[in-house]
Ligand SMILES: Nc1nc2c(ncn2[C@@H]2O[C@H](COP(=O)(O)OP(=O)(O)OP(=O)(O)O)[C@@H](O)[C@H]2O)c(=O)[nH]1
């Protein structure tokens, strides 16, 4: 049997479950998840190696109509990932009807000569009959290479999805070492865990305006000491993040610290600071400094 390997872009509107799917496929937490749109900012490659194939998944920031410079960079990252890959998986929420956002993506996909697999996610929330109607309706929208209904959360039908992807991938050797699961380093994973705890604990006004920078990392006698700065763009957000008598920042710090301790299997001391950088989302230099511009080449 020949070996297959290649890049698979996971695209879709915000909040459809792209990160949940990737984490389920890789059986490990690679991308952070939350119920707030646009959690994913970087193109995270998750790597799944099997006996006869290697799948390199590129998770893309949710595609949406850009409103600010950061939004435009996020969209661009998603398009670059689509152009460079061997196969595109477009994931939609099977519970939502076809909308303007989908038409926007479909239009973009039409111009690319790529095989597209449509993934209907969250089918755990649908009856068999409802699912059948959704399948029929999507089938009429475009000629997809395949339409695969799944539940990323319940890990339902994921093997079938992998089989269909494998069929499309070109023959070749592994692209990354077998034991590698992500091309992102430890520092990135640390800041993502902290960002996840911020998103989880705060309300609507925080998510889009937060960046986390790791300022210090020191391992002494198998004890990890970490210092990170949370950057927001308004004083009011700093207040929310710190909370009454520091209660919010403490909550974020302790939950991140616990997860980091489990991840690195050693004691961890995490210090967090909050800094205000007015309007950073509209400044190219800042977006670069915070590592959100990977594929922004203009
Ligand atoms: N019921 C159900 N919920 C799901 C499923 N997959 C994802 N979710 C939920 O949908 C929400 C969004 O999931 P994410 O994986 O963060 O979505 P995303 O597409 O990566 O979001 P962005 O990073 O904003 O682009 C979370 O609350 C998930 O738990 C599923 O199969 N069934």
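Neighbour counting of Cβ atoms within 10 Å sorts the residues 171, 196, fewest neighbours leading, into 171, 196. At an R0 of 35 angstrom, the distance between the Cβ atoms of residue 178 and residue 219 translates into a FRET efficiency of 0.85. When each of 274, 232 is scored by the number of other beta-carbon atoms lying within 10 Å, the sequence from fewest to most is 274, 232.
Per-residue extension of 0.36 nm, minus the Cα-Cα distance of residue 167 and residue 155, leaves a gain of 2.3 nm for this segment. A Förster distance of 41 Å, applied to the separation of the beta-carbon atoms of residue 3 and residue 93, puts the FRET efficiency at 0.75.
In terms of surrounding Cβ atoms within a 10 Å radius of their Cβ, 143, 255 rank from fewest to most as 143, 255.
Readers should treat all values here as calculations from the given coordinates under stated rules, not as data from a laboratory. What you see is a predicted model, and the numbers here were worked out from it, not measured in a lab. Cβ: placed from backbone, ideal geometry, glycine included. Neighbour counts: every protein chain shown.
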